[in-house]
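The values are calculated or read from the model by the stated rules, or taken from the named source; none is laboratory data. Computed from a predicted model, the values in this text were never measured in an experiment. Heads up, the Cβs are rebuilt from the backbone with ideal geometry, glycines too, and the neighbour counts pull from every protein chain shown.
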Amino acid sequence: MTTTPKPSHQIPDRDIYERRESGVRSYARAMPRQFGRAENVWMYDNQGGRYLDFLSGCSTLNYGHNHPIMKQALLDYIAGDGITHGLDLHTDAKQDFLTTFEDVILKPRGLDYRAMFTGPTGTNAVEAAIKLARKVTGREMVIAFTNGFHGMTLGALACTGNAAKRGGAGVPLSHVSHEPYDGYYGPDVDTADLLEQRLADPSSGLDAPAAILVETVQGEGGLNAASPEWLRKIAQIAKAHGALLIVDDIQAGCGRTGGFFSFEDMGFTPDIVTLAKSLSGMGLPFALTLFSPELDQWSPGEHNGTFRGNNHAFVTATAALRHFWSDDTFQADVRRRGELVEQRFDKLATEFGFEQRGRGMMRGLNVGSGELAATITGACFDQGLIIETSGAHDEVIKVLAPLVIDDAVLIAGLDILESNIRAAMATDYAVAAE
Ligand SMILES: *Cc1c(COP(=O)(O)O)cnc(C)c1O
């Protein structure tokens, strides 16, 4: 009789992470389990624990984990020896993706964009966007916004607000001006008007910008959602001052706020759009920079990258576009689920004096302190709910549940969150609140 040795990953050796993995790891610290499997809205650890995923890879898993349709498409593609890596060569998978993207996303929305396959992470798409804007306009300065998050490479990091992230650069982060986002000075100050005033004043010290880079909902920066009026004004300001409008839709796009793009039906069209996170549909790395055809002034290879386009991601992205975006059913589901979260957050905000933020299925509850938020999310994790915080002081509890979640499961997850909010407020924070 032979005994099969236990696979090494089943033997608890947490020390390996302390011993070998860089201290830069972060999410693993708040959720110190070892995960082995995931399906739909659930993740499973190797000790038999099951977790409801309200983080979705920071909105990278909008369609849940290992969606059967995408999984099968990828399995078939690999089984048929489809191209895995092809630099930027024409491949069957790329053609399928581009034609599907044109048919299902661009044409029905009346959008005419060229698609640039950048390196496969979001920050690559942002780098390409700001590089292109600088090239086309011949200007250097980019306007970004307070609490904006755009990635970790130097160009994108310069556009990011967070001081701790910026501090990692080790060199000056320049040629970006961080202007106040919608609502930054409260509801009575229109920060778009302030920006217009500064750009119109030749003595304001603000140089003419190459681009205005904006998130419609700030995913990492606290779930602040800009109003359509404010965004329209920003679009007009960009146009009036010869700057290109870049919408960073890496987190808010791919259905998170309801439509495929977060700016749909708002009455303006960005010059450049960045997409990543949920674009591949299955959590595979894949990023795109979209821009108006007249901006396509790149010379061949001017912005390069070994992993431009990821053929496996083309396959799963195409399957996701066909399955979820060929009609309006999915969008209606997302809107309804978003309203469920909104109603619950409204109730909690009223009861406890919190503030609710966000749009669609991209929602936050500002509980006022990072400590309280961490207490609540930590307790949720102990009860099998993966949920994270966001904002300048990590004071906003964010709900980024998979968009495909059943209403009943969504409600069950919100129940866990609510009960832990009640528990936290009934103990340490009850005194502070009085
Ligand atoms: C996550 C994110 C990025 C960066 O994407 P990476 O894949 O982490 O490089 C850029 N912009 C926004 C809005 C994001 O949410």
Which of the residues that make up the stretch 273-306 are touching a Phe, Trp or Tyr at 6+ places or on another chain (Cβ under 9 Å) and among the hydroxyl-bearing types (S, T, Y)? S278, S280, T289, S292
What residue, among those in the stretch 264-276 that are assigned to a loop (DSSP other than H, G, I, E, B) and either modelled with pLDDT under 95 or in contact with a Gly (Cβ under 9 Å, 6 or more places away or on another chain) (or both), is surrounded by the most Cβ atoms within 10 Å (Cβ to Cβ)? A276
From the list T318, T274, which one is in the same structural domain as T84 (by TED's automatic domain parsing), β-branched (V, I, T), in contact with an Asp or Glu (Cβ under 7 Å, 6 or more places away or on another chain) and within 23 Å of T84 (Cα to Cα)? T318
All conditions in (1) more than 24 Å from Q331 (Cβ to Cβ); (2) outside the structural domain of S278 (by TED's automatic domain parsing) are true of D81 except (2)
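Determine whether D296 is modelled with pLDDT of 95 or more, of a type in the set (D, E, K, R) and either within 16 Å of the ligand (Cβ to nearest atom) or more than 16 Å from G358 (Cβ to Cβ) (or both). Walk me through how you get there before you give the answer.
Numbers: modelled with pLDDT of 95 or more: yes; of a type in the set (D, E, K, R): yes; either within 16 Å of the ligand (Cβ to nearest atom) or more than 16 Å from G358 (Cβ to Cβ) (or both): yes.
So D296 fits the description; yes.
Tally the residues that are within 16 Å of the ligand (Cβ to nearest atom) and either charged (D, E, K, R) or not in a loop (DSSP other than H, G, I, E, B) (or both), restricting the search to the stretch 203-233. Even if it seems obvious, please write down each step before you answer.
Of the residues in the stretch 203-233, the ones within 16 Å of the ligand (Cβ to nearest atom) are 211-226, 231.
Next, only the ones that are either charged (D, E, K, R) or not in a loop (DSSP other than H, G, I, E, B) (or both) stay: 211-215, 217, 220, 225, 231.
Total satisfying the criteria: 9.
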Can L154 be described as more than 14 Å from the ligand (Cβ to nearest atom) and touching a residue at least 12 places away in the same chain (Cβ under 8 Å)? no
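Would you check if there is a residue in the stretch 261-272 being within 14 Å of the ligand (Cβ to nearest atom) and in contact with a Phe, Trp or Tyr (Cβ under 9 Å, 6 or more places away or on another chain)? Spell out how you get there, then give the answer.
Filtering the stretch 261-272 down to residues within 14 Å of the ligand (Cβ to nearest atom) leaves 261-263, 270, 272.
Next, from what is left, pick out any that are in contact with a Phe, Trp or Tyr (Cβ under 9 Å, 6 or more places away or on another chain): 270, 272.
Within the stretch 261-272, one or more residues are within 14 Å of the ligand (Cβ to nearest atom) and in contact with a Phe, Trp or Tyr (Cβ under 9 Å, 6 or more places away or on another chain).
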May I ask you to verify whether L244 is in the same structural domain as F263 (by TED's automatic domain parsing), over 23 Å from A287 (Cα atoms) and buried (at least 17 other Cβ atoms within 10 Å of the Cβ)? no
Among the strands (runs of 3 or more DSSP E) confined wholly to the stretch 113-182, which include 1 or more residues that are closer than 30 Å to N311 by Cα? 114-117
Of the residues I376, I405, which is among the aliphatic types (A, V, I, L, M) and in a helix (DSSP H, G or I)? I376
Consider the stretch 277-305. How many of its residues are part of a loop (DSSP other than H, G, I, E, B), closer than 20 Å to I105 by Cα and of a type in the set (S, T, N, Q)? 1
Failed item in (1) over 23 Å from L400 (Cβ atoms); (2) in a loop (DSSP other than H, G, I, E, B); (3) away from the ligand (no atom under 16 Å from the Cβ); (4) touching a helix residue (DSSP H, G or I) at 6+ places or on another chain (Cβ under 8 Å), with L195 passing the rest: (2)
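Here's the yes/no breakdown for (1) β-branched (V, I, T); (2) on the phi > 0 side of the Ramachandran plot; (3) exposed (fewer than 12 other Cβ atoms within 10 Å of the Cβ):
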| residue | (1), (2), (3) |
| --- | --- |
| A28 | no, no, no |
| W42 | no, no, no |
| G48 | no, yes, yes |
| L55 | no, no, no |
| H67 | no, no, no |
| L75 | no, no, yes |
| D81 | no, yes, yes |
